[in-house]
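The values are calculated or read from the model by the stated rules, or taken from the named source; none is laboratory data. Model, not experiment: these values are computed from the prediction. Reconstructed Cβ throughout: ideal geometry from the backbone, glycine too, with neighbour counts over all protein chains shown.
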Amino acid sequence: MIINVSELLKALGNTTAVTTEENLEFAKEELDLISPVYIDIRLTNTGTGILMEGTFKAEARLNCGRCLKDFRHLIEAEVSEVFKKERKHSSPRKDEIELAEEDFVFPINEENEIDLKEAIRQNLILALPIKTVCSNECSLDKVGPKYESKHVTDPRLAKLKEWRSK
């Protein structure tokens, strides 16, 4: 999703609100979206760049860490990102450099446009739960007996099987 910010860049403090839905696709191993992304943001000219604040919401298909089934999950990301004009680097340095805060901003291109796709991707990935579980009631007990009946237990793991049954 590309937004032209030419009008915002004309004066310090200029603000605009953007509320829309956008169908976006990312690599399925990163983020498998099954609904459009709902975008509700405010863009503000801070004098040094464009500050974007708001929320992104989308439904994603996740895989349960317990029963391994796919399930739908609503991802909500609170967003606060900065967009700045691209700086021209004089020459690539061969030695190590220290990253500064301004190295972690999104670019405003030469046509005064910002592309929200990468900001949306990063913020939705950061909003994913660390442990994906389809429900609080989901349990390995539902999966265990089926698995055990199909496989022969390694005798070296017999003690673990006894411990699990306790």
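Across region 122-134, the qualifying residues are those that are surrounded by 13 or more Cβ atoms within 10 Å (Cβ to Cβ) and touching a residue at least 12 places away in the same chain (Cβ under 8 Å), and the one among them that is nearest to Met52 (Cα to Cα) is Asn123.
When region 29-43 is filtered for residues that are of a type in the set (S, T, N, Q) and crowded, with 16+ Cβ neighbours inside 10 Å, nothing remains. Of all residues in region 108-121, how many are without any contact (Cβ under 8 Å) to a residue 40 or more places away in the chain and either assigned to a loop (DSSP other than H, G, I, E, B) or in contact with a Lys or Arg (Cβ under 7 Å, 6 or more places away or on another chain) (or both)? The total comes to 2.
Please enumerate the residues belonging to region 60-84 that are basic (Lys, Arg), within 22 Å of Ser35 (Cβ to Cβ) and assigned to a strand (DSSP E or B).
Arg61, Arg72
Being outside any helix (DSSP H, G or I), modelled with pLDDT under 75 and surrounded by 10 or more Cβ atoms within 10 Å (Cβ to Cβ) is a property that Thr153 has.
When Leu12, Leu62, Leu68 are checked against the criterion of being surrounded by fewer than 16 Cβ atoms within 10 Å (Cβ to Cβ) and within 30 Å of Glu137 (Cα to Cα), Leu68 stands alone in meeting it. Among the residues here, Asn109 does not qualify as more than 30 Å from Ser135 (Cα to Cα) and either touching a Leu at 6+ places or on another chain (Cβ under 6 Å) or hydrophobic (A, V, I, L, M, F, W, C) (or both). Residues that are farther than 15 Å from Lys131 by Cβ, surrounded by 12 or more Cβ atoms within 10 Å (Cβ to Cβ) and over 13 Å from the mean Cα position of the chain (by Cα) within region 71-80 are absent altogether. Within region 24-53, the set of residues being within 13 Å of the chain's Cα centre (by Cα) and either at pLDDT below 95 or of a type in the set (Lys, Arg) (or both) comprises Leu24, Glu25, Phe26, Ala27, Lys28, Glu29, Glu30, Leu31, Asp32, Leu33.
Hey, does region 19-32 have a residue that's free of Cβ contacts under 8 Å to residues at least 12 places away in the same chain and in a strand (DSSP E or B)? Among the residues of region 19-32, not one is free of Cβ contacts under 8 Å to residues at least 12 places away in the same chain and in a strand (DSSP E or B), which makes the answer no.
When Glu101 is tested against (1) more than 26 Å from Lys10 (Cβ to Cβ); (2) without any contact (Cβ under 8 Å) to a residue 60 or more places away in the chain; (3) surrounded by fewer than 14 Cβ atoms within 10 Å (Cβ to Cβ), only condition (1) is not met.
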